[in-house]
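Novice: Below are the structure tokens for one structure; questions will follow.
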Amino acid sequence: MQLSPVIFYLIAALTVGSAAMVAFSRNIVYSAFSLLGTFGGVAGIYVFLGADFVAGVQVLIYVGGILVLILFAVMLTHRIADVQITNRSVGRIPALVVIGIFIFLLIQSIRETPWAKAKEIVYAPTTTIIGEWFLERYLLPFELASVVLLAALIGAVVLARKETRE
Amino acid sequence: MQQLLNQLIQEGYFHGAPMELVYAGFMLLAAFVVLSFFVAPLAGITSWLERRVWARIQSRVGPNRVGPQGILQWLADGIKNLLKEDIIPTAADRRLFALAPYVVFAGFFATFVVIPFGSQLIVADLNIGILYLLAITSLVVVGILMAGWSSNNKWSLLGGMRSAAQIVSYEIPAGLSLLTIVFAAGTMSMQGIITAQGWAPWNWFLFYNPFTFVAFFLYFTAALAEGNRTPFDIPEAESELVAGYVTEYSGMRFLFFFFAEWGNLYVIGAIATTLFLGGWQIPPVTDHPILAGVLQFIVFFLKAYLWVFVAMWVRGTLPRVRVDQLMSLCWKYMVPLAFICLLGTAAWMVIWPQGNRLASFFMFLIGLGILGLFLKRVSFQIRHARPVLYLKPYI
């Protein structure tokens, strides 16, 4: 019996199941906590792909940072659970049409993409290569991302300052 | 550990068995052994020792009834809490309330995967060891928020919020000071970092340069804050929040949180030992593999446990800080200092790629000097405090 396909499908089920829970749960706090399963499952899939560094960073950033931020936002918002989330100004039929078109496009693009299938996943350390590529081949995107993050940081400080001045 | 398993497989112990099942079984066995024979007694005895040390600091006696000197107190507490009724408040969110202790505990227990107790004694020497440690402990934050929210109690919610804010903030100086060592060692694997150091103190990364010396204290302070320990225990400040996020918990669920807290003390010590204090490195005294392994384990354990003791000491000595003081300490002092350490170490490595032996030796002497001054102060205090009660060991 091969164990790794079983584990893979368990992780995939966890990811998709929690993602469904995020989307369908009536309680927004449940939705937020379900993200834990989704992020963890994605990290597991990265491990299966042999991307150890990316898996670690996925957990560190998404579970430790983004999930906690989302939870903060949810918990600190007054009476967030009582808000009527459904948008009633747009009817169901236009929504169905838009979603139909979107699904059609999605399926079409999945079918037309020439998926390259890795012959064999090499479980080797990736950290050094990632570091070298960031500073050599992909230096510009890396620096651009840093500038965007810096702008976001400054923006956050500006917003926070405005609030205290008033 | 994996080498041992591979050797067993090669010798034909598991002939015909599916390899993946063998590995999975071995992992489960390792988790079971580590949990029941190491982590549980460790956390238990730490809880007893902390109560005793704390009592002595406050001129009390502490628990001394169960077993010699009360050393079995943790077993009595464990049995008592297991037999208690499992109370879930009516207004609480049952599912999340029940789940939260396990999330916290999983986040704490998973760190033991990468803690190197000896050159062979490690569950898995991950290539991304430190990143894994930082990542997996973020589960604890989610668990604490879960506990705080699901209890449906304002103290719990406030405690959970405070705790999460504190952990998220202090993760930055802690992570940066760990990164300083990753720079110096050139690897994130725990064993790789230890082998980059030597058994002699001046070969430790603590004395690698002045910046790593500072980084060590930054890490220890930030780790205490991340572990919700006094003087940073505002999430469970008794005078303000009853017990913070554990207010509604009782019995075994309550114990799970504190199991994680006491065990986490040892994890802090173990990380500090691995990164800064040379880990299991011993002088070359023996060639016998098993004897060397035992010596390595003892050296590692003692180095790590020393910091557990220091944390108890700090807890018994310092008052709790306020919320605003906590945040300003982190963001105004520790984060900039951690960045200076990081950049300083990077510059140091550009100037002296092989490290500077003379500077290391000098730093070691400075460290010895600080230790000497500290011991002088402590002995002065003890001499002037009429230590009749607390130096008599058998009360």
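The values are calculated or read from the model by the stated rules, or taken from the named source; none is laboratory data. Values in this document were obtained by computation on a predicted structure and should not be read as measured data. Here the Cβ is made from the backbone with ideal geometry for all residues, glycine too, and neighbour counts use every protein chain on show.
Novice: Of the numbered conditions (1) more than 21 Å from residue A:61 (Cα to Cα); (2) surrounded by 10 or more Cβ atoms within 10 Å (Cβ to Cβ), residue A:114 fails exactly one; give the number of that condition.
Specialist: (2)
Novice: Same structure, new question: Residues in segment B:184-198: is at least one of a type in the set (Gly, Ala, Ser), free of Cβ contacts under 8 Å to residues at least 60 places away in the same chain and crowded, with 24+ Cβ neighbours inside 10 Å?
Specialist: no
Novice: If you don't mind, there's one more thing I want to ask. Can you confirm whether residue B:329 is under 30 Å from residue B:238 (Cα atoms) and surrounded by 15 or more Cβ atoms within 10 Å (Cβ to Cβ)? Don't jump to the end; show me each part of the working.
Specialist: Details: under 30 Å from residue B:238 (Cα atoms): yes; surrounded by 15 or more Cβ atoms within 10 Å (Cβ to Cβ): yes.
In short, yes.
Novice: Pick from segment B:161-183 the residues that are surrounded by fewer than 23 Cβ atoms within 10 Å (Cβ to Cβ) and more than 9 Å from every other protein chain (Cβ to nearest Cβ): which of them is nearest to residue A:71 (Cα to Cα)?
Specialist: B:169
Novice: How about segment B:191-241: which of its residues are of a type outside the set (S, T, N, Q), outside any helix (DSSP H, G or I) and over 18 Å from residue B:317 (Cα atoms)? Can you show your working first?
Specialist: Here is the first cut: in segment B:191-241, the residues of a type outside the set (S, T, N, Q) are B:192-194, B:196, B:198-202, B:204-208, B:210-211, B:213-220, B:222-227, B:229, B:231-238, B:240-241.
With the extra rule that they be outside any helix (DSSP H, G or I), the set shrinks to B:196, B:198-200, B:204, B:208, B:227, B:229, B:231-233, B:237.
Of everything in segment B:191-241, those that are of a type outside the set (S, T, N, Q), outside any helix (DSSP H, G or I) and over 18 Å from residue B:317 (Cα atoms) turn out to be B:196, B:198, B:199, B:200, B:204, B:208.
Novice: For residue B:205, all conditions in the list (1) away from every other protein chain (no Cβ under 14 Å); (2) within 25 Å of residue A:44 (Cα to Cα); (3) aromatic (Phe, Trp, Tyr) hold save one; what is the number of the exception?
Specialist: (2)
Novice: Please determine, by comparing only the residues of segment A:13-24 that are loosely packed, with under 15 Cβ neighbours inside 10 Å and under 20 Å from residue A:63 (Cα atoms), which one is nearest to the other protein chains (Cβ to nearest Cβ). It would help to see each step written out before you state the result.
Specialist: To start, the set of residues in segment A:13-24 that are loosely packed, with under 15 Cβ neighbours inside 10 Å comprises A:13, A:16-17, A:20, A:23-24.
Narrowing further to those that are under 20 Å from residue A:63 (Cα atoms): A:13, A:16-17, A:20, A:23.
Numbers: A:13: 18, A:16: 20, A:17: 15, A:20: 17, A:23: 18 Å.
Among those residues, the one meeting the criterion is A:17.
Novice: Right, another one. So residue B:207 fits all but one of (1) touching a residue at least 12 places away in the same chain (Cβ under 8 Å); (2) farther than 21 Å from residue B:362 by Cα; what number is the exception?
Specialist: The one condition residue B:207 does not meet is (2).
Novice: Quick one: residue B:188 ticks every box in (1) closer than 24 Å to residue B:250 by Cα; (2) hydrophobic (A, V, I, L, M, F, W, C); (3) facing another protein chain (nearest Cβ under 9 Å) except a single one, so which number is it?
Specialist: Here residue B:188 clears every test but (1).
Novice: Something else: Given A:10, A:35, A:60, which one is part of a helix (DSSP H, G or I), at the interface with chain B (Cβ under 9 Å from one of its Cβ atoms) and either in contact with a strand residue (DSSP E or B) (Cβ under 6 Å, 6 or more places away or on another chain) or modelled with pLDDT of 85 or more (or both)? Can you show your working first?
Specialist: Values: A:10 fails: at the interface with chain B (Cβ under 9 Å from one of its Cβ atoms); A:35 fails: at the interface with chain B (Cβ under 9 Å from one of its Cβ atoms).
None of the other options fit; the residue is A:60.
Novice: Quick one: how many residues across segment B:55-68 are assigned to a helix (DSSP H, G or I) and buried (at least 17 other Cβ atoms within 10 Å of the Cβ)? Step through it out loud before you land on a result.
Specialist: So in segment B:55-68, the residues assigned to a helix (DSSP H, G or I) come out as B:55-57, B:68.
Cutting the leftovers down to buried (at least 17 other Cβ atoms within 10 Å of the Cβ) gives us B:55-56.
Residues flagged as assigned to a helix (DSSP H, G or I) and buried (at least 17 other Cβ atoms within 10 Å of the Cβ) within segment B:55-68 amount to 2.
Novice: Is segment B:212-224 home to any residue that is modelled with pLDDT of 85 or more, under 19 Å from residue B:143 (Cα atoms) and touching a Ser or Thr at 6+ places or on another chain (Cβ under 9 Å)? Before the answer, list the steps.
Specialist: From segment B:212-224, those modelled with pLDDT of 85 or more are B:212-224; that's our starting set.
This time we only want the ones that are under 19 Å from residue B:143 (Cα atoms), so: B:223-224.
Keeping just the survivors that are touching a Ser or Thr at 6+ places or on another chain (Cβ under 9 Å) gives B:224.
Yes.
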